[in-house]
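Read the structure below first, then the notes.
The values are calculated or read from the model by the stated rules, or taken from the named source; none is laboratory data. On a predicted model such as this, the values are computed, not experimentally measured, just so you know. Don't worry about glycine lacking a Cβ; one is built from the backbone with ideal geometry, like all the others, and counts go over all protein chains shown.
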Ligand SMILES: Nc1ncnc2c1ncn2[C@@H]1O[C@H](COP(=O)(O)OP(=O)(O)OP(=O)(O)O)[C@@H](O)[C@H]1O
Ligand SMILES: [Mg+2]
């Protein structure tokens, strides 16, 4: 493969071949012999071109009017003649190189073009022999013609090859780029060993820069590896394969749900398998949100029903407890203590009931403009003692510029629950950070984060479920975040949870500002990222 694509080095190279191989009888500089041949060729151009056209029209299956072809050949021959006369005039080769790449001759096999060049040479040979029979210089003129024709053939051959190589390189570059920028993970692997040979950008992002050399199944969780291995076996047999419901392990250890497609590609004796992953996380998330929304609605109804039913007997028990206290003014300390405990526990039960009702949307509440910064400040004041006792410092950065639209009580519940959770996640104390910021013209962002234990990925999807708790009995009912979820949902906002880099948890809430158009979706999105 010629490494030099520029015309100059190309010309020099061919000239060197001719020179060093002793094929250059007539040096490449003007001479009387060159002038004579050029003059002769010019004089007989019409005849040569006309008989050339006659010969090739049929043989080369030239369609339509052959006139343009004849005109082209005439123009090309004129350029060639210039070069015969003045070997430094290389316009003929400039044109040929360009045309080999993009022009007419690029669309035909090289042999066709070379054959037609041979014919041109033959025509001129015939005319020379006829016109200059007996001339002392005829032999030299024929040799010069021969030398020039050969030089031309060598150039054209290389132009063709260069042009095709450039085409190929461009094709493979465009293929490489389209794979590389495809919006889905694509890998190329050795078919037998599964070794990853190549991975595109999205794949690198999703699975991290795997040490090349590892087998592709190592990108999957332990329990899926044999499945992927079997998939490779099938692909070698059948040419293609697919599997659904697998996972890629992300650099942070979180599984990415995927479907997999494979195709066997044989390149130069090496069997490779192209692996294309289809990222299902978004679809899964939608499914999850739907299920979640339905589940919440179901539990909400149930909870509301139970809460109503229990509220009446509880009221009666509460009254009875009060009466008992009144009826036994001189009760023994034990009785008084028991009564005290009973009342305290009743208080707790009632809180749970009102939480349940809050969650189930049952207590209809008005929406109004809420000054979030003010609410955060007041809530923190309320919880000041609790934070101090727990060794938690609060870092507050309030920058909400406009009120959001929500139910104030609901948002207070949100703050109470998020802050309580944060404190509980830091049993040794730590830092609680609260930040408010406008997000564009329509949203307000509230961030609550702690540097506590964090939430493992597999638990993250469940934390918004009612009654999901990891706390010991009596410490938590698992209603806190489901209330948060339902308040935010009612306010047409969004909530996301993420682990903070390092340690701890970050809750991000978006609420619509006053005057903001209602969000298109009335569901919240819990994102695991
Ligand atoms: N900031 C946090 N850090 C770590 N884990 C958290 C955090 N917030 C919530 N969780 C996890 O989510 C679970 C559910 O939280 P949620 O507030 O709904 O219930 P709870 O706190 O357990 O009980 P309740 O809020 O009803 O007292 C918690 O048990 C805990 O495992
Ligand atoms: Mg809680």
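Restricting attention to the stretch 129-136, does a residue exist that is on the phi > 0 side of the Ramachandran plot and more than 52 Å from the chain's Cα centre (by Cα)?
Yes, the stretch 129-136 contains at least one residue that is on the phi > 0 side of the Ramachandran plot and more than 52 Å from the chain's Cα centre (by Cα).
Assess whether residue 320 counts as being under 27 Å from residue 416 (Cβ atoms) and assigned to a helix (DSSP H, G or I). So that I can check it myself, show each step before the final result.
Details: under 27 Å from residue 416 (Cβ atoms): no; assigned to a helix (DSSP H, G or I): yes.
Spelling it out, it is not the case that residue 320 is under 27 Å from residue 416 (Cβ atoms) and assigned to a helix (DSSP H, G or I).
Can you tell me how many residues in the stretch 223-253 are over 18 Å from residue 207 (Cα atoms) and touching a residue at least 40 places away in the same chain (Cβ under 8 Å)?
Going through the stretch 223-253 one residue at a time, the tally reaches 3.
A quick yes/no check of all residues on (1) within 14 Å of ligand 2 (Cβ to nearest atom); (2) assigned to a strand (DSSP E or B); (3) in the same structural domain as residue 507 (by TED's automatic domain parsing); (4) in contact (Cβ under 8 Å) with a residue 40 or more places away in the chain:
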| site | (1), (2), (3), (4) |
| --- | --- |
| 388 | no, no, yes, no |
| 412 | no, no, yes, no |
| 434 | no, yes, yes, yes |
| 488 | no, no, yes, yes |
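Can you tell which of 258, 216, 249 is farther than 22 Å from residue 457 by Cα and either surrounded by 18 or more Cβ atoms within 10 Å (Cβ to Cβ) or in contact with a strand residue (DSSP E or B) (Cβ under 7 Å, 6 or more places away or on another chain) (or both)?
216
Those residues that are at pLDDT 90 or above and buried (at least 16 other Cβ atoms within 10 Å of the Cβ), I need them from the stretch 61-77; list them, please.
Across the stretch 61-77, the qualifying residues are 73, 74, 76, 77.
Please work out if residue 204 is at pLDDT below 95 and touching a strand residue (DSSP E or B) at 6+ places or on another chain (Cβ under 8 Å). Reasoning before the result, please.
Details: at pLDDT below 95: yes; touching a strand residue (DSSP E or B) at 6+ places or on another chain (Cβ under 8 Å): no.
No; evaluated as a whole, the condition is false for this residue.
Among the residues of the stretch 127-145, which ones are in contact (Cβ under 8 Å) with a residue 24 or more places away in the chain, assigned to a helix (DSSP H, G or I) and farther than 30 Å from residue 163 by Cβ?
Of everything in the stretch 127-145, those that are in contact (Cβ under 8 Å) with a residue 24 or more places away in the chain, assigned to a helix (DSSP H, G or I) and farther than 30 Å from residue 163 by Cβ turn out to be 127, 128, 131, 140, 141, 143.
Among the candidates 192, 206, single out the residue that is more than 16 Å from residue 263 (Cβ to Cβ), in the same structural domain as residue 261 (by TED's automatic domain parsing) and touching a residue at least 60 places away in the same chain (Cβ under 8 Å).
Matching residue, one of 192, 206: 206.
Considering only residues that are within 13 Å of ligand 1 (Cβ to nearest atom), in contact with a helix residue (DSSP H, G or I) (Cβ under 7 Å, 6 or more places away or on another chain) and over 12 Å from residue 387 (Cβ atoms), look in the stretch 417-438 and name the one that is modelled with the lowest pLDDT.
Checked the stretch 417-438; the qualifying residue modelled with the lowest pLDDT is 417.
Any idea which of 427, 456, 473, 512 is away from ligand 2 (no atom under 16 Å from the Cβ) and surrounded by fewer than 17 Cβ atoms within 10 Å (Cβ to Cβ)?
Result: 456 is the single residue among 427, 456, 473, 512 that is away from ligand 2 (no atom under 16 Å from the Cβ) and surrounded by fewer than 17 Cβ atoms within 10 Å (Cβ to Cβ).
List every residue pair whose Cβ atoms sit under 7 Å apart, with the two residues 6 or more apart in sequence or on different chains, where the first one lies in the stretch 83-107 and is assigned by TED's automatic domain parsing to the domain that holds residue 145 and the second, anywhere, is in a loop (DSSP other than H, G, I, E, B) and surrounded by 17 or more Cβ atoms within 10 Å (Cβ to Cβ).
These pairs meet every condition: 83/90; 87/28.
Could you list, in sequence order, the residues of the stretch 4-23 that are out of contact with any helix residue (DSSP H, G or I) (no Cβ under 7 Å at 6 or more places or on another chain), under 17 Å from residue 162 (Cα atoms) and not in a helix (DSSP H, G or I)?
Across the stretch 4-23, the qualifying residue is only 6.
Among the candidates 397, 441, 384, single out the residue that is surrounded by fewer than 19 Cβ atoms within 10 Å (Cβ to Cβ), part of a helix (DSSP H, G or I), outside the structural domain of residue 288 (by TED's automatic domain parsing) and away from ligand 1 (no atom under 11 Å from the Cβ).
Exactly one residue qualifies, and that residue is 384.
Taking residue 350 as the residue in question, decide whether it is at pLDDT below 90, within 25 Å of residue 473 (Cβ to Cβ) and in contact with a helix residue (DSSP H, G or I) (Cβ under 9 Å, 6 or more places away or on another chain).
Values: at pLDDT below 90: yes; within 25 Å of residue 473 (Cβ to Cβ): yes; in contact with a helix residue (DSSP H, G or I) (Cβ under 9 Å, 6 or more places away or on another chain): yes.
Yes; evaluated as a whole, the condition is true for this residue.
Looking only at the stretch 447-463, count every residue that is on the phi < 0 side of the Ramachandran plot, within 7 Å of ligand 1 (Cβ to nearest atom) and not in a helix (DSSP H, G or I) and tell me the total.
Number of matching residues: 5.
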